[in-house]
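Visitor: Pasting a structure below so you can have a look.
The values are calculated or read from the model by the stated rules, or taken from the named source; none is laboratory data. Fair warning: this is a prediction, and the values are worked out from it, not measured in the lab. Backbone-built Cβ (ideal geometry, glycine too); neighbour counts: all protein chains shown.
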Amino acid sequence: MLNSEKLTIAGQLAAGIAHEVRNPLTAIKGFLQLMERKMEDQTYFGIIESEIDRIELILSELLVLAKPQDFKFESVYLPALIEDIKTLIDTQAIMNNVKIEVVNTDEPITINGDINQLKQVFINFLKNAIEAMPNGGSCIIEMKAIGENKVKIFFKDTGDGIPPQLLKRIGEPFFTTKENGTGLGIMISKQIIENHHGTVHFWSDKKGTIIEVILPLQ
């Protein structure tokens, strides 16, 4: 069986499981809320609800992963896209004492891509960077044309970094270094970049993490 066929079957299976699990989960959550109103000792309700929320998050990301991606490719001016994303994420960054800086080149950089999918990827990378700096820090976004055919986009944070033994597992389904993460966000992001004929690489040390995205120019 071809890999593409295996992925299609796996996606259909994941979607089916997600839908089947979500229905009883909704009922459980509803009854839990009713019980919470009636019982005096509510010690464990918060824990149960947070775990249900985590399951719901996993199911939502599984459905995104299983859903066939409908890409609408168009001409995308990369500096403008990055500035839009910075504006969207700036409030969260400021609340976490993180400064986001964009380093642009003087040359116009235009790619062919799905603007909404690319926004999803870059916002995910920035959110991960912010969460990696609980005591504040900075994140630099830099764009660099490589010759006439490609562009590199760097996301550099000043977090604690990721140990080498864990770094090589980034992008595996359900592997995450975050307490409340699912590991599916990076996997979905890598899939989107690959569908744009690009690549994603990760580097990390004790001074922070760098995500490098390479995409073809228009």
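Visitor: I need the full set of residues from segment 125-156 which are assigned to a helix (DSSP H, G or I) and closer than 17 Å to VAL102 by Cβ, in order please.
Guide: PHE125, LEU126, LYS127, ALA129, ILE130
Visitor: Name the residues in segment 60-82 that are modelled with pLDDT of 75 or more and in a helix (DSSP H, G or I), would you?
Guide: LEU78, PRO79, ALA80, LEU81, ILE82
Residue-by-condition table, conditions (1) in the same structural domain as LYS207 (by TED's automatic domain parsing); (2) crowded, with 18+ Cβ neighbours inside 10 Å; (3) at pLDDT 90 or above:
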residue: PHE122; (1), (2), (3): yes, yes, yes
residue: ILE141; (1), (2), (3): yes, yes, yes
residue: GLU179; (1), (2), (3): yes, no, no
residue: GLY185; (1), (2), (3): yes, yes, no
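Visitor: Scan segment 103-117 and tell me whether some residue there is in a helix (DSSP H, G or I), surrounded by 16 or more Cβ atoms within 10 Å (Cβ to Cβ), modelled with pLDDT under 95 and charged (D, E, K, R).
Guide: The answer is no; no qualifying residue exists.
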